[in-house]
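Chemist: My structure is below; once you've seen it, I'll send some questions.
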Amino acid sequence: MTKPKIADLLNEPGCEHNHKKGQQGKNKACTQQAKPGAAQGGCAFDGASIALVPITDAAHLVHGPIACAGNSWGSRGSLSSGATTYKMGFTTDISENDIIFGGEKRLYKAIAQVINRYHPPAVFVYSTCVTALIGDDLDAVCEAATNKFATPIIPVNSPGFVGSKNLGNRLAGESLLDYVVGTAEPEYTTPYDINLIGEYNIAGELWGVLPLLEKVGIRVLSKITGDATFEEIRYAHRAQLNVMICSKALINMGRKMEESYGIPYIEESFYGIEDMNRCLRNIAQKLADVELQQRVETVIAEETAKLDVALAPYRARLKGKRMVLYTGGVKSWSIMSAAQDLGMEVTATSTKKSTEEDKAKIKQLLGKDGIALSKGNAQELLRVIAKTKADMLVAGGRNQYTALKARIPFLDINQERHKPYAGYEGLIEMAKEFDRALHSPIWQQVRQPAPWELVSG
Amino acid sequence: MTTITRNKKSVAVNPLKQSPPLGAALAFLGLKGIIPLFHGSQGCTAFAKVLLVRHFREAIPLATTAMTEVTTILGGEENIEQAILTLVEKAQPDLIGLLTTGLTETRGDDMHGILKSIRQRHPELDSLPIIFVSTPDYKGALQDGFAAAVQSIVTTDYGQPLETQNFASQQQVTILAGSLLAPGDVEEIQEIVEAFGLKPLIIPDLSGSVDGHLDDDYNSKTPGGTSPSQLQQLERSLFTIAIGESMRPAAEILQQKFGTNYEILPRLAGLAAVDKFLWLLAQIASYKNSGFLEPRQSRNCDWQFNPQIPSKYQRQRRQLQDAILDTHFYLGGKKVSLALEPDLLYQTSWLLKEMGAEIQAAVTTTKSPLLKELPIERVTIGDLEDLENLAEGSDLIITNSQGKSLAEKLNIPLYRMGYPIYDRLGNGSRCLVGYRGTMQFLFDLGNIFIELGH
């Protein structure tokens, strides 16, 4: 990976982190360095894996020592409706010898073995800190292997030490742009073809939304990358519209596909009634088809009416319940909007990874008493929960035990979640989960002191 | 004598092994008030943390020096210094366990020099022990990193114990608890040792930190485990019992450093293995004189020798014998394929063999002297693809949760052992050693076969 390329990605103009703030605030969130001793996030390799591993029929080969793949393979929450090759762990598991003499030969042989035994339609090859440091030429090995095996072998230059998970997402996007998108043609196209970008089908969320799109007559040409086949990403350049889902992570794909193929992009969310409605309306509007717009309105009317009935009992039980929300970027307001649909109150939310645009929305949704958290280590979160008398914490899996150990109800909203919350059906699922978490009979037990602890001594 | 095969592949498919830094961090987690600090890219810590959090379902305090491309090339001193100072400021750890990774080992940071100069610049850190261990990702597996960390733990100087401390009149025994032992196993060992009137000094003691218990306050460092003041008492131990062959080097260090004699128990499951442990404890407990013990010469010694086995364990032994009778119908003749780290592989495969089962295939992660002595002709240092190729036709597979898909593919039941176990609860309290734990293991397996109608 060349330095200028990384600098370009960090200055991605499609990302609002990078403008509207004058000289001073420029690039704040994208280029900020992880702090030794305090950082808790993943690395660029982690980010690249999150973005690409959901491609179900490809093999994902990690060129590095055992830590990178050995500690992480098979643990991603993306679901597949077909192939399961993506769930396998492939790594060159390099040894000291490879470090001394270079790992390129081993990598080449590894690619050959993966192809001979598993016949994937493509292999994504990830560099890691060690193989980048010793100077293995990933691009050259992949090119040689592509020619030899007549299979696309795609280099992903995302060694952990170049930056954050977010940067890794974008590096993954670059690999798709450079090596995959535009290399094949779809069987046919329609004026209603869209791509979904940044949706990884965690817990099968995509499956709650695809039927809706189908119902109104929108065809998803390429899913980038949740439950995707390698082939469908190759012809993504034939879509009419790119829909970026809840994520700035692959924003470079949206912007560059607009530049190269003239495909406009919009940023949407699938969480909550309002966002889902807006998403459908915006797609229909961008595709500029009156009939489609009418069908969207019909479906929205049907779905929201059904939803009002289904949610009524939960709304009654959840009304006025208070939560602290700690997640990243778009989700800090999209989940807030979903919670408010259910009559719940968000007393604090994070703005750590949010853009100026996100922050404006957060401000609007929070009201005057809400707290915008700019940082949130465990102690800080617990302090805010206590201060705002919140009933629960809604956050990523990393904070699950922050809440549970403090005997506070918790709902996982990030990558590791097990339930799909997207779309209209997803909101019902979310309501059920809020209800279960808040009204479980266990809270009283785990907060109850032992009889002998009550004896004043 | 078992033949050791190394797979000649250039690619590991569905890796069995985890990284040595993960193992070292796990060992450090058995000390009280510690934060393990990975000197590497932030992903090194994040992946290890996610794995341990999912396995134990606990908050796991791990930190990173957050190396970047630039700091790697320039050298990591500044990042290490900043990380230590930040941890001290934010979490006030009693100990820091500093470990290297593939990245910083490839770069070749002079860790001892760096630590020395940090100490010179920051005398305020004088009272903070920093346990350092070198664990390049590209050398060995979890078990190796764990063992290396235990060696560092027993090598590090924790200062003199305060004179005012009241040393119990009980006789102290050091237990080196290898990576084959889960927190529940360590707790069982502790109870057994205490039942003999001995005071166990367990290194590392995972049963205090990742056993799964609810504390009153939020912990940004480990809430339990072996404390620094206990570590100061190391030289007072009468004897070292090392559980797991991989603990041998640490036991040797203690012998050289303090003259403490040791015995290696490569396993602690199975009737004979537990008998041996209890008999050893009985001998140590009955030794009334001060000084060191030579257990093998016990019969020739002139000191008073009157071994007593607590009645509880005499009874448990009879219960285990009964369990062996009840379960042998189900286990006898069964073909079992295992993929486990060497120490755990040795313990489990011998126990199965002693129950009349056959070991069909054995796959492991790293080198060990035990690999030559397994109850099978051939052992493969390899991955789960190797296990898949070897396990066909067996009645049971024993490996970590990652074996699930191959077990389903081969339509063979899976019994989960090792790290990680993502899809079972209770990994913090499960006990599979001692008489009681052995019984549990036999019942677990027997029930699997009953369920299948075998």
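Chemist: As an exercise: evaluate residue B:83 against (1) surrounded by fewer than 19 Cβ atoms within 10 Å (Cβ to Cβ); (2) facing another protein chain (nearest Cβ under 10 Å); (3) within 28 Å of the chain's Cα centre (by Cα) and give the number of the one condition it does not meet.
Modeler: Tallying (1) surrounded by fewer than 19 Cβ atoms within 10 Å (Cβ to Cβ); (2) facing another protein chain (nearest Cβ under 10 Å); (3) within 28 Å of the chain's Cα centre (by Cα), residue B:83 fails exactly one: (1).
Chemist: Can you pull out every residue in the stretch A:415-457 that is of a type in the set (Phe, Trp, Tyr) and surrounded by fewer than 18 Cβ atoms within 10 Å (Cβ to Cβ)?
Modeler: So in the stretch A:415-457, the residues of a type in the set (Phe, Trp, Tyr) come out as A:421, A:424, A:434, A:443, A:452.
Answer for the stretch A:415-457, where residues must be of a type in the set (Phe, Trp, Tyr) and surrounded by fewer than 18 Cβ atoms within 10 Å (Cβ to Cβ): A:443, A:452.
Chemist: Check every one of the helices (runs of 4 or more DSSP H) wholly within the stretch B:85-171 and list those with 3 or more residues that are under 23 Å from residue B:51 (Cα atoms).
Modeler: Values: elements: B:102-107, B:111-121, B:142-155.
The qualifying helices (runs of 4 or more DSSP H) are B:102-107, B:142-155.
Chemist: Just give me the residues in the stretch A:118-169 being among the hydrophobic types (A, V, I, L, M, F, W, C) and on the phi > 0 side of the Ramachandran plot, in sequence order.
Modeler: The first filter runs over the stretch A:118-169 and keeps only residues among the hydrophobic types (A, V, I, L, M, F, W, C), leaving A:122-125, A:129-130, A:132-134, A:138, A:140-142, A:144-145, A:149-150, A:153-154, A:156, A:161-162, A:167.
Across the stretch A:118-169, the qualifying residue is only A:150.
Chemist: Return yes or no: is residue B:201 away from chain A (no Cβ under 14 Å) and either part of a loop (DSSP other than H, G, I, E, B) or at pLDDT below 95 (or both)? Before the answer, list the steps.
Modeler: On the way: away from chain A (no Cβ under 14 Å): yes; either part of a loop (DSSP other than H, G, I, E, B) or at pLDDT below 95 (or both): no.
No; evaluated as a whole, the condition is false for this residue.
Chemist: Now for a different question. From the list B:399, B:380, which residue is closer than 13 Å to residue B:365 by Cα, under 26 Å from the mean Cα position of the chain (by Cα) and either surrounded by 24 or more Cβ atoms within 10 Å (Cβ to Cβ) or of a type in the set (Gly, Ala, Ser) (or both)? Lay out the reasoning, then the answer.
Modeler: Values: B:380 fails: either surrounded by 24 or more Cβ atoms within 10 Å (Cβ to Cβ) or of a type in the set (Gly, Ala, Ser) (or both).
On inspection, the qualifying residue turns out to be B:399.
For every residue, the table says whether it meets (1) without any contact (Cβ under 8 Å) to a residue 24 or more places away in the chain; (2) assigned to a helix (DSSP H, G or I).
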site: A:389; (1), (2): no, no
site: A:400; (1), (2): yes, yes
site: A:432; (1), (2): no, yes
site: A:444; (1), (2): yes, yes
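Chemist: While we're looking at this one, here's another question. What number of residues within the stretch B:49-66 satisfy the criterion of being touching a residue at least 60 places away in the same chain (Cβ under 8 Å) and part of a helix (DSSP H, G or I)? So that I can check it myself, show each step before the final result.
Modeler: Taking the stretch B:49-66 first, the residues touching a residue at least 60 places away in the same chain (Cβ under 8 Å) are B:51-52, B:54-61.
Then drop every residue that is not part of a helix (DSSP H, G or I), which leaves B:51-52, B:54-56.
Of the residues in that region, 5 qualify.
Chemist: Moving on to the next point. Here are the criteria: (1) touching a Leu at 6+ places or on another chain (Cβ under 9 Å); (2) more than 20 Å from residue B:212 (Cβ to Cβ); (3) surrounded by fewer than 19 Cβ atoms within 10 Å (Cβ to Cβ). Tell me which single one residue B:391 does not satisfy.
Modeler: All conditions pass for residue B:391, except number (3).
Chemist: Would you check which residues across the stretch A:101-118 are of a type in the set (D, E, K, R) and more than 10 Å from chain B (Cβ to nearest Cβ) and list them?
Modeler: The initial filter retains those residues of the stretch A:101-118 that are of a type in the set (D, E, K, R), namely A:104-106, A:109, A:117.
Matches in the stretch A:101-118: A:104 only.
Chemist: Taking the stretch A:211-243 on its own, how many of its residues are aliphatic (A, V, I, L, M) and within 18 Å of residue A:49 (Cα to Cα)? Full working, then the answer.
Modeler: Keep residues of the stretch A:211-243 that are aliphatic (A, V, I, L, M), which gives A:212-213, A:216, A:218, A:220-221, A:224, A:228, A:233, A:236, A:239, A:241, A:243.
When the remaining residues are screened for being within 18 Å of residue A:49 (Cα to Cα), the result is A:224, A:228, A:233.
Looking only at that region, the number is 3.
Chemist: How about the stretch B:111-152: which of its residues are within 30 Å of residue B:342 (Cα to Cα), in contact with a helix residue (DSSP H, G or I) (Cβ under 7 Å, 6 or more places away or on another chain) and aliphatic (A, V, I, L, M)?
Modeler: B:130, B:131, B:133, B:141, B:142, B:147, B:148, B:149, B:150 - these are the residues of the stretch B:111-152 that are within 30 Å of residue B:342 (Cα to Cα), in contact with a helix residue (DSSP H, G or I) (Cβ under 7 Å, 6 or more places away or on another chain) and aliphatic (A, V, I, L, M).
Chemist: Exactly one of these conditions fails for residue A:81: (1) crowded, with 19+ Cβ neighbours inside 10 Å; (2) more than 12 Å from chain B (Cβ to nearest Cβ); (3) not acidic (Asp, Glu). Give me its number.
Modeler: So the condition that residue A:81 fails would be (1).
Chemist: Any residue at all in the stretch B:31-41 that's facing another protein chain (nearest Cβ under 8 Å) and either within 30 Å of residue B:406 (Cβ to Cβ) or surrounded by fewer than 24 Cβ atoms within 10 Å (Cβ to Cβ) (or both)? If you could, list the steps in order and put the result at the bottom.
Modeler: Within the stretch B:31-41, the first condition is being facing another protein chain (nearest Cβ under 8 Å), and the residues that meet it are B:37, B:40-41.
Subsequent filtering for residues that are either within 30 Å of residue B:406 (Cβ to Cβ) or surrounded by fewer than 24 Cβ atoms within 10 Å (Cβ to Cβ) (or both) retains none.
No, every residue in the stretch B:31-41 fails to be facing another protein chain (nearest Cβ under 8 Å) and either within 30 Å of residue B:406 (Cβ to Cβ) or surrounded by fewer than 24 Cβ atoms within 10 Å (Cβ to Cβ) (or both).
Chemist: Please name all residue pairs, on different chains or six or more residues apart, with Cβ atoms under 6 Å, provided the first residue is in the stretch A:36-50 and is facing another protein chain (nearest Cβ under 7 Å) and the second residue is assigned to a loop (DSSP other than H, G, I, E, B).
Modeler: Close Cβ pairs satisfying both conditions: A:36/B:65; A:36/B:66; A:39/B:66; A:43/B:41; A:45/A:128; A:45/A:158.
Chemist: In the set A:196, A:221, A:133, A:176, which member is within 13 Å of chain B (Cβ to nearest Cβ) and modelled with pLDDT of 95 or more? Give the derivation first.
Modeler: Working: A:196 fails: within 13 Å of chain B (Cβ to nearest Cβ); A:221 fails: within 13 Å of chain B (Cβ to nearest Cβ); A:176 fails: within 13 Å of chain B (Cβ to nearest Cβ).
Going through A:196, A:221, A:133, A:176 in turn, the sole match is A:133.
Chemist: Could I ask something else about it? For the stretch B:103-142, which residues satisfy the criterion of being within 14 Å of another protein chain (Cβ to nearest Cβ), over 22 Å from the mean Cα position of the chain (by Cα) and among the small types (Gly, Ala, Ser)?
Modeler: Quick first cut of the stretch B:103-142, residues within 14 Å of another protein chain (Cβ to nearest Cβ) only: B:103-109, B:114, B:118, B:122, B:125, B:128, B:130, B:134-142.
This time we only want the ones that are over 22 Å from the mean Cα position of the chain (by Cα), so: B:103-109, B:114, B:118, B:122, B:125, B:128.
Hit for the stretch B:103-142 is B:108, nothing else.
Chemist: Report yes if some residue within the stretch A:84-104 is among the hydrophobic types (A, V, I, L, M, F, W, C) and within 30 Å of residue A:399 (Cα to Cα); otherwise report no. Step through it out loud before you land on a result.
Modeler: Kept after step one, since they are among the hydrophobic types (A, V, I, L, M, F, W, C), are these residues of the stretch A:84-104: A:88, A:90, A:94, A:99-101.
Those left that are additionally within 30 Å of residue A:399 (Cα to Cα): A:88, A:90.
Scanning the stretch A:84-104 turns up at least one residue that is among the hydrophobic types (A, V, I, L, M, F, W, C) and within 30 Å of residue A:399 (Cα to Cα).
Chemist: Here is a follow-up. Going by the conditions given, is residue A:90 at the interface with chain B (Cβ under 8 Å from one of its Cβ atoms), touching a residue at least 24 places away in the same chain (Cβ under 8 Å) and touching a Leu at 6+ places or on another chain (Cβ under 7 Å)?
Modeler: Working: at the interface with chain B (Cβ under 8 Å from one of its Cβ atoms): yes; touching a residue at least 24 places away in the same chain (Cβ under 8 Å): yes; touching a Leu at 6+ places or on another chain (Cβ under 7 Å): yes.
Taking the combined requirement at face value, the residue satisfies it.
Chemist: Filter the stretch B:1-26 down to the residues that are part of a helix (DSSP H, G or I), of a type outside the set (Gly, Ala, Ser) and more than 7 Å from chain A (Cβ to nearest Cβ) and list them by number.
Modeler: B:20, B:26
The values are calculated or read from the model by the stated rules, or taken from the named source; none is laboratory data. Note that the structure is predicted; figures quoted are calculated from it, not measured. Here the Cβ is made from the backbone with ideal geometry for all residues, glycine too, and neighbour counts use every protein chain on show.
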